[in-house]
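The values are calculated or read from the model by the stated rules, or taken from the named source; none is laboratory data. Since the structure is predicted, the reported quantities are computational estimates derived from the model, not experimental observations. When we count neighbours, we look across all protein chains shown, and the Cβ atoms used for this are built from the backbone with ideal geometry, even at glycine.
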Amino acid sequence: MKLKMILPLLAAGALAACTSGSVGNRSVPQPAKSVELNRYVGRWYELARYENGFERNCEGVTADYALGDDGMVKVVNTCHRGSLDGTIMTAAGWAAVVPGSGNAKLNVSFFGPFYGDYWILDHAPDYAWSIVGEPSGRYLWILARAAKPSPQTRKTLENRARALGYDVSLLRWTKQ
């Protein structure tokens, strides 16, 4: 059974003002490189995240992106509540590229006129992984194309997040 999530999985910027979670990075860097949207679209598996209220108890988290004819990016986030066999929750929205950001900054909306910042802070040259954050430093996601990458890849991504200034002890590793 699919249920609509009231709050989006990635509307971090809109929620940052009303959330009192730990700040994992007090000096969030600007995105490291430009993003080719046609290579970024497709399915991503959430490997790890900073825990947050709108993803509490989520496992098997995925994010699917598709380019629209209007240049907007369609976003569908999915999670299994409580376990990999749990109730499927989805949130559908759209994103617009922030002009002048090299496609690395998006404004994401899942409901009404409320937008959240989605910054692609870094990504692999072949788009096999991505590290996503937003300006407040309260939210962080480590994404990969493979649901279960090698332990070495996971360690590399953890080290990269640390190098970007994030407290990796706050990471919650997602079951896939």
Test for S83: is it under 26 Å from S22 (Cβ atoms), touching a strand residue (DSSP E or B) at 6+ places or on another chain (Cβ under 9 Å), not in a strand (DSSP E or B) and not basic (K, R): yes
Residue under evaluation Y50, criteria (1) more than 24 Å from S169 (Cα to Cα); (2) at pLDDT 95 or above, criterion not met: (1)
Among the residues listed as Y115, Y127, the single one being closer than 18 Å to S34 by Cα, within 16 Å of the chain's Cα centre (by Cα) and surrounded by 15 or more Cβ atoms within 10 Å (Cβ to Cβ): Y127
Search result, residues across the stretch 128-152 that are touching a residue at least 12 places away in the same chain (Cβ under 8 Å) and farther than 26 Å from S27 by Cβ: A128, R145, A146, A147, K148, P149
Residue match in the stretch 103-121 (condition: in a loop (DSSP other than H, G, I, E, B) and either in contact with a Gly (Cβ under 8 Å, 6 or more places away or on another chain) or touching a residue at least 12 places away in the same chain (Cβ under 8 Å) (or both)): yes
Any hit, the stretch 21-44, residues being farther than 19 Å from H123 by Cα and at pLDDT below 75: yes
The stretch 153-176, residues that are of a type outside the set (A, V, I, L, M, F, W, C), under 24 Å from G53 (Cβ atoms) and free of Cβ contacts under 8 Å to residues at least 24 places away in the same chain: S169
In the stretch 141-159, the residues that are surrounded by fewer than 17 Cβ atoms within 10 Å (Cβ to Cβ) and either assigned to a helix (DSSP H, G or I) or over 14 Å from the mean Cα position of the chain (by Cα) (or both): A146, A147, K148, S150, P151, Q152, T153, K155, T156, N159
Flag if G100 is under 30 Å from Q152 (Cα atoms) and either more than 12 Å from the chain's Cα centre (by Cα) or not in a strand (DSSP E or B) (or both): no
Answer from P99, P31 - the residue that is over 26 Å from K175 (Cα atoms) and free of Cβ contacts under 8 Å to residues at least 24 places away in the same chain: P99
Single residue of the stretch 43-80 satisfying the filter (in a strand (DSSP E or B) and over 13 Å from the mean Cα position of the chain (by Cα)) that is surrounded by the most Cβ atoms within 10 Å (Cβ to Cβ): C58
Test: residue in the stretch 78-95 that is in contact with a helix residue (DSSP H, G or I) (Cβ under 8 Å, 6 or more places away or on another chain) and β-branched (V, I, T): no
